[in-house]
Amino acid sequence: MKNTVLVKAKIPADVKQISEQILNDFGLDLSSAIRLFLFKVKQTRSLPFSIGYENNCPPEISNGLSDNLLSIQKDIEQDKNIMQFADNEEGFNHLESLIR
């Protein structure tokens with residue numbers, strides 16, 4: 001290729017090894033995959049994939065939510081802090097009152 005430059009990147013050895021194995025399944029080597037990535041960045045003027053939190057939820061919220069759900073599960077198992085409603089409408093009305 002004319003007018004090429006060498007690009008270097010430091011990555012953890014296990015990431016490189018596993019990535020090479022996966023890319024090999026697609027018939028690509030690491031250099032070809034990096035070139036493909038950079039060509040796509042140039043073509044789209046963006047990252048060719050989305051970046052975000054798993055389930056669109058930041059870890060600090062996700063972890064807190066998990067803790068709350070575990071606490072609620074324990075309460076249910078021990079019949080603590082349980083509210084009963086006559087029907088769904090009464091339950092939803094109660095929930096709506098909490099957010100007002």
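Among the residues of the range 22-34, at least one is among the acidic types (Asp, Glu) and loosely packed, with under 10 Cβ neighbours inside 10 Å. Filtered by the rule that a residue be exposed (fewer than 10 other Cβ atoms within 10 Å of the Cβ) and either touching a residue at least 12 places away in the same chain (Cβ under 8 Å) or among the β-branched types (Val, Ile, Thr) (or both), the range 64-91 gives a lone residue, Ile82. Return the residues of the range 14-64 that are in a helix (DSSP H, G or I) and either modelled with pLDDT under 70 or in contact with a Lys or Arg (Cβ under 9 Å, 6 or more places away or on another chain) (or both); say none if nothing qualifies. The answer is Leu30, Glu54, Asn55, Asn56, Pro59, Glu60, Ile61, Ser62, Asn63, Gly64.
Tallying residues that are touching a residue at least 12 places away in the same chain (Cβ under 8 Å), loosely packed, with under 10 Cβ neighbours inside 10 Å and over 14 Å from Leu38 (Cβ atoms) within the range 1-21 yields 0.
The values are calculated or read from the model by the stated rules, or taken from the named source; none is laboratory data. All of these numbers come straight from a predicted model, not from anything done at the bench. Glycine gets a Cβ as well: all are built from the backbone with ideal geometry, and neighbour counts include every protein chain shown.
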